[in-house]
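First up is the structure itself, then whatever we jot down about it.
The values are calculated or read from the model by the stated rules, or taken from the named source; none is laboratory data. A quick note: this is a predicted structure, and the numbers were derived from the prediction, not measured. As a convention, Cβ positions derive from the backbone with ideal geometry for all residues, glycine included, and neighbour counts pool all protein chains shown.
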């Protein structure tokens, strides 16, 4: 293996290590715990389009908090443990909301990938939200903290070897602090400022309808996870940040955020292990900035048209980016004579657009029907592993009579491999005389059904097809291209 080959393998191996042998990049993880809790248009006087009733994926958002309602039956109450003899309701009235959720899933790989077999993984999430206005008379202020206990062995690292992680809760086993922030609402709620630690995709780069799906690419896009240091600040690694959201009008909202660019301390190996416990709190690093403009239509209570939200976004990372083809002396990195130090580029960026649109509404309902989503993101092709990401799909909320909270979904995710990365792969073959050309993309197709058995119990079977796992890029898990993969699983979510 040449010095250039070693450099490319090391770059991808770092992302492998993030989820115990994940190939290419530990790409996308993390989504809000509740679609309703996303701070998409709605937090500052707007409403997000109708979507699934529950989000089954990790987040630093407060998520669906227990209401404390008294229930006649265990099957009707909001949480498995109920009202705690009235204590939970009293805490809520005093401004204290406590949430505990367990997500457990099993996956079986039927063909392709690394090997056939079955695995189990799980995630326990605990959170506390304090309404400081009720507790201390601090108008418009709230505090939130959450943590994870990650257990089991995930499907991508052990069965599939793909880049866009099969399960958005798959991560290196650990007990981690995740969110820790203080939020202040100003100007009558039109301006919201949040400061502390969280993942960048708790609000940025997210699609309302994409939140249903289990593949991690629908929570944190594959492009920034492949291109940013340590995969960027996203589940399970949060980073210090400050964010401001301002409602310009009833239809337009402007959001800006600044994060520490690399959530993991310097070093080699698994970034998640370098951030063991989630308490790195790095402040002396490069910055990752986001800007998004949201446009929402037909959000009013009596709107005749179908609701939709459209977003235009931009992110910029101030870190130096290594060239994919040449070293700092001008030699090809694949050349055995290369020093293996990539030519540096100043900063990295991407542009993206997001569409969430309800296209058919069941007569006599407000939000039951079919919604479509699309996200397109592009980055410079000359020095990134990925330069194009596209995802899209549909949700059908309440597909059957009497199943008002069930959701059926179909989606795809396309992670493009840049011409520069493919050029490097071809150069390796030229200099070594052996090897395989890189594929132009890794594509995931997903079908899923969220069965809301009770308010506190959800069961979600899921089926995914992975085309060109890891785009044929060599890694410690597999030095040769992997065959197309078919994997199925089921997630069970219990809210205590």
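Here 184, 149, 197, 164 are screened, and the one residue that is surrounded by fewer than 22 Cβ atoms within 10 Å (Cβ to Cβ), closer than 30 Å to residue 319 by Cβ and touching a strand residue (DSSP E or B) at 6+ places or on another chain (Cβ under 6 Å) is 184.
Among the residues of the range 256-287, those identified as at pLDDT 90 or above and on the phi > 0 side of the Ramachandran plot are 277, 278, 281.
Return yes or no: is residue 452 touching a residue at least 24 places away in the same chain (Cβ under 8 Å), touching a strand residue (DSSP E or B) at 6+ places or on another chain (Cβ under 6 Å), in a strand (DSSP E or B) and over 19 Å from residue 215 (Cβ atoms)?
Spelling it out, residue 452 is indeed touching a residue at least 24 places away in the same chain (Cβ under 8 Å), touching a strand residue (DSSP E or B) at 6+ places or on another chain (Cβ under 6 Å), in a strand (DSSP E or B) and over 19 Å from residue 215 (Cβ atoms).
For residue 33, the conditions (1) within 26 Å of residue 180 (Cβ to Cβ); (2) out of contact with any helix residue (DSSP H, G or I) (no Cβ under 9 Å at 6 or more places or on another chain); (3) exposed (fewer than 15 other Cβ atoms within 10 Å of the Cβ); (4) modelled with pLDDT under 95 are fulfilled apart from (3). If you go through the range 256-270 and keep only what is touching a strand residue (DSSP E or B) at 6+ places or on another chain (Cβ under 7 Å) and surrounded by fewer than 24 Cβ atoms within 10 Å (Cβ to Cβ), you end up with 256, 257, 258, 260, 261. Whether any residue in the range 327-334 is in contact with a helix residue (DSSP H, G or I) (Cβ under 8 Å, 6 or more places away or on another chain) and part of a loop (DSSP other than H, G, I, E, B) is what I want to check. Yes; the residues of the range 327-334 include at least one that is in contact with a helix residue (DSSP H, G or I) (Cβ under 8 Å, 6 or more places away or on another chain) and part of a loop (DSSP other than H, G, I, E, B). Look at (1) in contact (Cβ under 8 Å) with a residue 40 or more places away in the chain; (2) in a strand (DSSP E or B) and you find that residue 277 fails only one, number (2).
Quick grid of which residues meet (1) surrounded by fewer than 18 Cβ atoms within 10 Å (Cβ to Cβ); (2) within 21 Å of residue 467 (Cα to Cα); (3) at pLDDT 95 or above; (4) out of contact with any strand residue (DSSP E or B) (no Cβ under 6 Å at 6 or more places or on another chain):
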site: 350; (1), (2), (3), (4): no, no, yes, no
site: 359; (1), (2), (3), (4): yes, no, yes, no
site: 376; (1), (2), (3), (4): yes, yes, yes, no
site: 402; (1), (2), (3), (4): yes, no, no, yes
site: 419; (1), (2), (3), (4): yes, yes, yes, yes
site: 427; (1), (2), (3), (4): no, no, no, no
site: 436; (1), (2), (3), (4): yes, yes, no, yes
